[in-house]
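One structure below.
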Amino acid sequence: GFGVFSRGLDQMAVKLKKRGLKPSVVSHRSEAAVVAKIIANQKKYGKKPVVLIGHSWGANAVIKIAADLRKAKIKVDYLASFAATPPSPAAPNIRKLTNYYFSVDGWGKPVKRGRGFRGNLKNVDLSKREGVNHFNIDEDPKVQNQVINNVVRFMPRRRSS
């Protein structure tokens with residue numbers, strides 16, 4: 001997003017940090033840098049879970065980032081897109097994709113399965129959710145909790161000593 005209206009991404013980042021994760025919030029214009037960083041981290045630290053979350057143009061960006069990571073043979077464990085306009089089809093290296101959109105009076109479209117996609121794809125239409133729109137979709141507490149729970153599900157379990 002623009003930072004101006006993707007405050008929900010910042011809120012989710014804070015919640016994920018409290019769970020011991022290290023999320024980064026970047027501009028949708030940083031696609032190439034994000035791809036390069038994920039590839040470098042996978043080489044440096046080994047295969048770790050990859051999670052991408054984006055809002056508006058950022059949603060389009062994370063779908064494209066996933067496709068770019070496929071070229072490097074990197075799986076995306078979870079991708080959440082908020083109001084992608086209009087999204088590319090889901091790349092086959094995505095294990096789970098949740099796309100939040102509005103079929104009525106809102107921006108955002110369903111994500112289609114790309115060629116070879118065999119992951120879990122869920123398009124969630126929020127048209128009937130009172131008070132939720134393109135600009136605040138990522139701030140909805142119920143939606144945030146669903147996304148955070150999905151993210152945490154893909155993180156390696158910590159061993160308690």
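Output the number of the condition that Gly116 fails; it satisfies all remaining conditions of (1) surrounded by 19 or more Cβ atoms within 10 Å (Cβ to Cβ); (2) assigned to a loop (DSSP other than H, G, I, E, B); (3) small (Gly, Ala, Ser).
(1)
Taking the options Lys15, Lys22, Lys37, name whichever one is within 28 Å of Asn145 (Cβ to Cβ), touching a residue at least 40 places away in the same chain (Cβ under 8 Å) and of a type in the set (Lys, Arg).
Exactly one of Lys15, Lys22, Lys37 is within 28 Å of Asn145 (Cβ to Cβ), touching a residue at least 40 places away in the same chain (Cβ under 8 Å) and of a type in the set (Lys, Arg), namely Lys15.
Taking helices (runs of 4 or more DSSP H) that do not extend beyond segment 1-82, which have at least 1 residues that are within 26 Å of Pro141 (Cα to Cα) and in contact with a Lys or Arg (Cβ under 9 Å, 6 or more places away or on another chain)?
Working: elements: 7-18, 31-45, 57-71.
Those helices (runs of 4 or more DSSP H) span 7-18, 57-71.
Please indicate, with yes or no, whether at least one residue in segment 99-106 is at pLDDT 95 or above, in a loop (DSSP other than H, G, I, E, B) and surrounded by 17 or more Cβ atoms within 10 Å (Cβ to Cβ).
No: zero hits.
Hey, among Lys15, Lys64, which residue is touching a helix residue (DSSP H, G or I) at 6+ places or on another chain (Cβ under 7 Å), over 25 Å from Pro89 (Cβ atoms) and surrounded by 15 or more Cβ atoms within 10 Å (Cβ to Cβ)? First the steps, then the outcome.
Values: Lys64 fails: over 25 Å from Pro89 (Cβ atoms).
Exactly one of Lys15, Lys64 is touching a helix residue (DSSP H, G or I) at 6+ places or on another chain (Cβ under 7 Å), over 25 Å from Pro89 (Cβ atoms) and surrounded by 15 or more Cβ atoms within 10 Å (Cβ to Cβ), namely Lys15.
It is to be established whether one or more residues within segment 130-137 are of a type in the set (S, T, N, Q), open to solvent by 10 Å² or more (accessible area, probe 1.4 Å) and closer than 25 Å to Arg29 by Cα.
First, pick out the residues of segment 130-137 that are of a type in the set (S, T, N, Q): 133, 136.
With the extra rule that they be open to solvent by 10 Å² or more (accessible area, probe 1.4 Å), the set shrinks to 133, 136.
Filter again for closer than 25 Å to Arg29 by Cα, leaving 133, 136.
The answer is yes, given that some residue of segment 130-137 is of a type in the set (S, T, N, Q), open to solvent by 10 Å² or more (accessible area, probe 1.4 Å) and closer than 25 Å to Arg29 by Cα.
Can Arg7 be described as at pLDDT below 90, charged (D, E, K, R) and exposed (fewer than 15 other Cβ atoms within 10 Å of the Cβ)? Don't jump to the end; show me each part of the working.
Working: at pLDDT below 90: yes; charged (D, E, K, R): yes; exposed (fewer than 15 other Cβ atoms within 10 Å of the Cβ): no.
Taking the combined requirement at face value, the residue does not satisfy it.
The values are calculated or read from the model by the stated rules, or taken from the named source; none is laboratory data. Computed from a predicted model, the values in this text were never measured in an experiment. With ideal geometry, Cβ positions are generated from the backbone for all residues, glycine too; neighbour counts draw on all protein chains shown. Heads up: the accessible areas ignore ligands, DNA and RNA and are worked out on the full protein's heavy atoms, side chains in. Shrake-Rupley method; radii C 1.70, N 1.55, O 1.52, S 1.80 Å.
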